[in-house]
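What follows is a single structure, written as structure tokens, with notes after it.
The values are calculated or read from the model by the stated rules, or taken from the named source; none is laboratory data. Remember, it's a predicted structure, so these values are computed and weren't measured experimentally. Neighbour counts run over all protein chains shown; Cβ positions are idealised from the backbone, glycine included.
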Amino acid sequence: MDIEVIPMEVPRDEGHQVYIPSIVWNQLQEELEHELDQRFSAFGLIFRISVFKSKFSTEDIDGVEWYAYIIFYSVYGAKKALKQSGKIKIGETEIQVRKKHHYRPHTKRELSLQKAQELLTFYFGFNCWSSEVVYMEREPEGETPDHLRYACMVRVKMPREGLCSEGLGVAEAPFSPTAPSSRGIAHMTARRFAYHSAMKIAFSKFIIIILGNGKITVEVDTTQEDIYVYDPAWDNPVVKVNEINYDPDAEEECEDLDDITEEELNALLDAPL
């Protein structure tokens with residue numbers, strides 16, 4: 001039986017990507033991206049659409065020529081899209097859908113938390129998961145004089161599937177020893193980023209499995225190693241969270257808290273945990 005495994009990772013170009021060589025389009029690039037998303041999302045969840053203006057294009061009576069790449073999470077989705085070559089019309093163009101033959105070397109990268117939640121929801125529906133904070137405490141032993149450090153453990157459950165994935169996250173936030181308010185902001189920011197990191201790790205352990213007969217299931221990768229050792233004393237939930245609102249554009253800032261300004265910290269703290 002043919003089986004496809006979709007981990008919570010950025011999909012490879014190879015097998016997941018289709019190429020559209022020529023589209024005549026006279027409107028904005030963002031509108032073309034939206035049009036492609038509307039047409040091709042019928043074949044599977046799309047990770048990314050990249051649209052470019054052809055360097056040979058001229059704005060004459062025939063319009064502007066563009067080309068595009070579409071990356072699906074699922075190989076099955078890409079195969080379905082390839083079968084539609086010549087059958088889809090974008091603007092005045094009956095587009096050709098081709099397989100790309102030259103790929104960039106693949107580097108394994110985990111999905112952002114937003115993308116991972118979107119992927120799981122696509123296959124298993126809204127409210128398919130819930131989460132709880134099992135542990136959230138300051139870790140003074142690992143701190144430096146001008147940083148605060150927090151550790152967080154979360155548990156993400158998929159009740160219908162009887163699955164549970166745990167994530168352990170640690171985060172530090174800088175503060176100015178001469179500014180009392182800066183220390184309070186650092187406490188809140190370190191907690192928030194520790195939570196975010198733990199959630200991302202918990203979601204990264206889910207693996208979606210698509211069987212050849214169309215059945216879709218999910219498993220938890222138990223081989224991943226956590227950065228912290230689990231303590232059974234943490235098993236008393238402190239906070240229960242069903243959803244969290246955050247700015248996905250700020251996600252990359254989690255990687256480098258040392259460079260973040262106090263104004264940026266304030267902006268990140270606008271939404272309550």
If SER74 passes every condition in (1) closer than 15 Å to MET8 by Cβ; (2) surrounded by fewer than 18 Cβ atoms within 10 Å (Cβ to Cβ); (3) among the hydroxyl-bearing types (Ser, Thr, Tyr) but one, which one does it miss? (2)
Candidates GLU143, GLU92, filtered to the one that is touching a residue at least 40 places away in the same chain (Cβ under 8 Å) and of a type outside the set (Phe, Trp, Tyr): GLU92
Quick one: what pairs do we get from the range 95-111, first residue closer than 13 Å to TYR19 by Cβ, second part of a strand (DSSP E or B) and of a type in the set (Lys, Arg), C-beta under 9 Å, 6+ apart or different chains? ILE95/LYS89
Could you check SER41 against (1) in contact with a Lys or Arg (Cβ under 8 Å, 6 or more places away or on another chain); (2) modelled with pLDDT of 90 or more and say which number it fails? (1)
Return the total of residues in the range 165-192 being in a helix (DSSP H, G or I), in contact with an Asp or Glu (Cβ under 8 Å, 6 or more places away or on another chain) and buried (at least 23 other Cβ atoms within 10 Å of the Cβ). 1
Failed condition for THR58, given (1) exposed (fewer than 15 other Cβ atoms within 10 Å of the Cβ); (2) at pLDDT 95 or above: (2)
Condition met for ARG39 (in contact (Cβ under 8 Å) with a residue 60 or more places away in the chain and either out of contact with any strand residue (DSSP E or B) (no Cβ under 9 Å at 6 or more places or on another chain) or surrounded by fewer than 17 Cβ atoms within 10 Å (Cβ to Cβ) (or both)): no
Could you list, in sequence order, the residues of the range 119-136 that are surrounded by 15 or more Cβ atoms within 10 Å (Cβ to Cβ) and either of a type in the set (S, T, N, Q) or outside any strand (DSSP E or B) (or both)? LEU119, LEU120, PHE122, TYR123, PHE124, CYS128, TRP129, SER131
